[in-house]
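I have placed the structure first, in the form of structure tokens, so that the comments after it can refer back to it.
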Amino acid sequence: MISVKEALTKILDQIPILGRERRSILQVQGRVLAEGIVAHRHIPPWDNSAMDGYALRWADIQGASPKNPILLKVLSDLPAGRIFTGAIGAGEAVRIMTGAPLPSGGDTVVPVENTEPLEKEVKILACPPKGSNIRLAGEDVRSGECILSEGTVLRSAHIGMLASLQRSMVSVYQVPRVAILSTGDELLEIDQPWEEGKIVNSNSYSLAAQVMECGALPIQIGIAKDLPGELSSKMREGLNSDLIITTGGVSVGDYDFVKTALKELGAMNFWKVAMRPGQPQVFGTISGKPLFGLPGNPVSAMVSFELFVRPSILKMSGHRQLFRPILPVLLEEEVRKKVGLTYFIRCRFVKKEGRYWAITTGGQGSGILSSMVKAQGLLILPEGISVARAGEEFKAIVLDPSIFQTSKEGYLSLFAPEEKN
């Protein structure tokens, strides 16, 4: 039996990063960028107006005010998308729209609300600082600048930037295909008629959901009966994927054949991890494909996935950040445990006087799936202690980031209330 840290280290050392593929920028949200993106031109490419107004020479409007308007000749209207080929001289202006390139000779834009247009002239009613209301060439992005580095997890703002740079296709890391196989004569598929003594195969669905949460593609390959030949055949079917997960059949019972099948088809790296839930589990490879033999109990399978499979899938996908946030918490209630095992207690978080407290979600049995339904995190109780006392500080893995939401109103609470007439 090995420690959680040793197991995770052994696993990640053998997890490959998948290859690269080119995809449209509308297909890469949440994917990991597999190339650096360098700007081939400035953004914006030229000085342009940030306002609808009049482009002019600042020197011509000194002292302008509503009581002292300055009259300028209007040379042209300049909408966005067009270029004024002339130049602004003394006493002249160009009516300009937001985004239009700044005409030669102009150095300031006066907003339209500070002007009074006439037939061929304009009255300037204010004198803003020199250079006002102009977006300078390259103020967003400079030519030759590395805008996105390899390893960036692409979000909506990144997609917009790629479009601005006229990059319709980019290179991203491939998405892992994850085969999920449940084992056991006692299992029923979700749509089969209920039978006494049978258990619905929920693991296949909870694990598929966890796989999808990682951004990977789950491939459910069904249920293998407790027959060595059938189990081996199903495992081979999983070789069409990049990673294989089995659940059940990893303990010491007469019908637990996963370890045997793995040894016959590939190599077993370890069996049993010093943790609860999830102690009986196996990791190995078949034809170079990682295989995780997770326990059959639903909570054990989900917790083991969180600790070992999730970071493996993220590494395969090219992610640099493989782990969930860790939160220091104070324990609300005493918990007793077995020395030598690291416990992962399903818990909720409550914030009191600026600190987060961890409260268990009730019964912690490995078959109590409702303990995971209620859980916002996994409280980590180290292997060397036998009692975790109320008020002591421990670490917790955050499963639900919404705990950091400060109020039900969210950012609406930051704004002033509407005035009532």
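Listing for the model above:
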| item | result |
| --- | --- |
| Hydrodynamic radius (Kirkwood) for the stretch 368-421, which is based on Cα pairs only, to one decimal in Å | 15.0 Å |
| Top positive-direction residue, dipole computed over the stretch 18-137 with Cβ charges, set 125, 65, 27 | 27 |
| Cβ-defined net charge surrounding residue 172, 9 Å radius [Lys, Arg +1; Asp, Glu -1] | +2 |
| Low-density loop positions, GluC sites (Glu not before Pro), the stretch 338-421 - DSSP coil, at most 14 other Cβ in 10 Å | 353, 392, 409, 418, 419 |
| Rounded tilt (10° steps) of 203-213 against the dominant C-alpha axis of the chain | 20 degrees |
| Candidate lysines - alpha carbon under 29 Å from residue 120, same-chain residues fewer than 8 apart omitted | 67, 73, 130 |
| Kirkwood hydrodynamic radius of the stretch 48-135, Cα pairs, Å | 12.3 Å |
| Sorted peptide list for 91-97, 224-230, criterion being average Cβ within 10 angstrom, highest first | 91-97, 224-230 |
| Cα-Cα over 22 Å, subset of 225/374; 234/289; 225/315; 337/395; 374/395 | 225/374; 225/315 |
| Whole-Å distance, taken between Cα centres, linking the stretch 370-421 and the stretch 7-79 | 37 Å |
| For the chain, share of DSSP beta bridges that run antiparallel, in % to the nearest 5 | 70 percent |
| Electrostatic dipole magnitude of the stretch 48-135 [Cβ: Lys, Arg +1; Asp, Glu -1; Cα centre; debye, to 20] | 140 debye |
| Net charge over other residues, Cβ less than 14 angstrom from the Cβ of residue 10 (K, R count +1; D, E count -1) | +1 |
| Radius ratio Rg over Rh of the stretch 270-340, counting only Cα atoms, Kirkwood formula for Rh | 1.03 |
| For the stretch 164-222, convex hull of alpha carbons as volume per residue, Å³ | 104 Å³ |
| Projected area, mean over directions - the stretch 326-404, Cα convex hull, nm² | 4.9 nm² |
| All Cα pairs of the chain, percent lying beyond 41 Å | 42 percent |
| Trypsin sites (Lys or Arg not before Pro) within the stretch 140-189: DSSP coil, no more than 12 neighbouring Cβ in 10 Å | 155 |
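Laboratory data are not the source of any read-out in this text; all were calculated from the coordinates shown. Not measured: the values here are computed from a predicted model. So basically every Cβ, Gly included, is an ideal-geometry build from the backbone, and we count neighbours across all protein chains shown.
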